Amino acid sequence: MQILEFDTVVIGSGLAGLSAAYHSSNFGRVAIVTKSQLDVSNSYYAQGGIAAAIAADDSPEQHAHDTLVTGRGICDTDAVDVLVREGRERVRELIDLGMQFDKENGNFVLGLEGGHTKRRILHAGGDATGKELTCFKLQLIRQKKNVEAFEFVAAVKLLQQNNRIVGVQAYDFKTNKNVIFRTKAVILATGGLSRLFARSTNPHTATGDGIALAYEAGARLADLEFIQFHPSALYIPGKEAYLISEAVRGEGAWLLNHKGERFMKDIHPLAELAPRDVVAYSIFRQIQKSGEKHIFLSLKHLDKAKIRNRFKNIDKHLREFGYDLTEDRLPISPAAHYMVGGVRTNLDAETNISGLFVCGEVASTGVMGANRLASNSLLECLVFGKRASVKAAQLQMHDYDFVDPAPIVLDQPNEQLFLQYQNELAELMSKNLGIVRNRKDLENALNRFSAIVEDFDEDLNEYNLIKIRNTALICKLIAQAALVREESRGGHIREDFQKESPDFKTHIIQQKNKNIEFEPIRK
Ligand code: SIN
């Protein structure tokens, strides 16, 4: 097998991975390993923006307050404090480096989204913040001679010796060969898993690979039951769920039911800008009551020129679907959008495995609680991407004296089998683990997920079969955590336990070969 050596190996190329790679390049040679292209990630598609308390009438304390309220009692306060304070510094750093956020008359234009009590969302290119930010970071990274990118290379196993990371086994789709990356530190930044659901706003790559990699290596996972459903994804039967940014509601868009009523006004003081869990659940109920498949988003009452200018990409996409953003009632319904839990880390993005760091959506740093505050995710990528790289740089390279792992092979005909399983699992996830859950549905789903995991041996060496096992395994872990959490909180709603319970004001931890544990919320 080809063996390559780097000081740090970053897996994933969203904003978290790019931030980690950028900062790690100050300390040595860096590899960025991505199963797709460098510019395919959830971050790239982020429309809303990046939250930072930079306005004169705002403060990190106020930002922390909104994050904690939205997180429903299970954010780790120390991590939120780091996020809002260092986040502001990271954003200023980016601006100093030349990142162009949108301005009007020389001042930053700040957007508003659900759960924020102040306008604090910086955006770029109107509604193309993710693209602008990731392209900006990529251009910085391309100037670094000691960063090498490996596109179309999938990480399949974290290699360990004496409970310490010593490398990554990967499969290169371009050469059909295995590659071993020798390293002292792996920074996992593989993004989310919302593509496990049939209806999702995420790119096809968001399949939770990092969760399976980390779990198999023995890492602790936290709060996987919390899945954030975005309230406003375009609903056209048979078509992908196209995201219509919450920032549109920040500019005053209304949610209307089939009777034309603004139902959110009676549900929450912030109406359409209530936290996402509240809005998504309220839409779910409206859909259930009406027997229809969607509700509507309407911008008809707003300044048309302003809206078209602010949301250029959404406007263009909607035209392709035959809708006018400023005139039509847009059919929308919630879609899986964000994994709130993830691989458990401390404040330095370290896991329980020496040399394994995690940042971005795949991490559970403690800042998201039971429900992420809108536009906090890109901020988390900047803050914990840097923290991971600084801490990783303190490690020493260790000797490597084990035999090569069994090689991974690719058997193309198995791809069809993977797609069959993927569809079955996605249907089951959407039906039984969607916005509202109950014991019976969760148990039924869990039985099926467990059966698939059992059918596929742990020591498989064919890429597609490993993917089937991993996908079923992640679904199983989510279902197990959802069954244990007998309450409704944030992105986890149980019709058989409709209230928040003080008994569950805790993290739920899963680890291979261990029973589920509860971990106290950090102050
Ligand atoms: C959106 O633009 O509504 C998505 C932003 C986010 O998920 O934070």
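Tabulated data
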item	result
Distant alpha-carbon pairs in the range 134-245 (separation over 25 angstrom), percent	41 percent
Centre separation in Å (Cα based) which lies between the range 425-476 and the range 201-257	18 Å
Calculated FRET efficiency for the pair ASP496/ASN461, C-beta based, R₀ 35 Å, to 0.05	0.25
Debye log10 I(q)/I(0) at q = 0.24, 0.32 Å⁻¹ for the range 160-209, Cα point scatterers	-0.92, -1.07
Kirkwood estimate for the chain, i.e. one over the average of 1/r between Cα atoms, Å	23.1 Å
Separation in nanometres of the label points that stand 7 Å from Cα toward Cβ, at LYS431 and ASN176	3.8 nm
Kirkwood Rh (inverse of mean 1/r, distinct Cα pairs), the range 284-423, angstrom	20.3 Å
Residue exposure sequence - ASP277, ASP66, ASP404, ASP328 - by fewest surrounding Cβ within 10 Å	ASP404, ASP328, ASP66, ASP277
Cα gyration tensor category, rounded, prolate or oblate, for the range 361-468 with a/c compared to 1.5	oblate
Lysine pair count for the range 74-228 [Cα-Cα under 20 Å; pairs on different chains or 8 or more apart]	8
28 Å Cα-Cα reach of LYS293 towards lysines, excluding residues that sit fewer than 8 places from it in its own chain	LYS239, LYS259, LYS265, LYS304, LYS312, LYS316, LYS431, LYS440, LYS476, LYS499
Net length gained if the chain between LYS265 and ARG522 were fully extended (0.36 nm per residue, minus Cα distance)	89.1 nm
Calculated FRET value between ASN444 and LYS304, using beta carbons and R₀ = 30 Å, to 0.05	0.05
Inverse mean reciprocal Cα-Cα distance (Kirkwood Rh) of the range 187-296, Å	15.9 Å
Order of ARG142, ARG344 - criterion: other Cβ atoms within 10 Å of each residue's Cβ, fewest first	ARG142, ARG344
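Since every read-out is calculated from the coordinates, none of them should be taken as a lab result. Nothing here was measured: the structure is a model prediction, and the numbers come from that model. In this analysis, Cβ positions are derived from the backbone assuming ideal geometry, glycine residues included, and neighbour counts consider all displayed protein chains.
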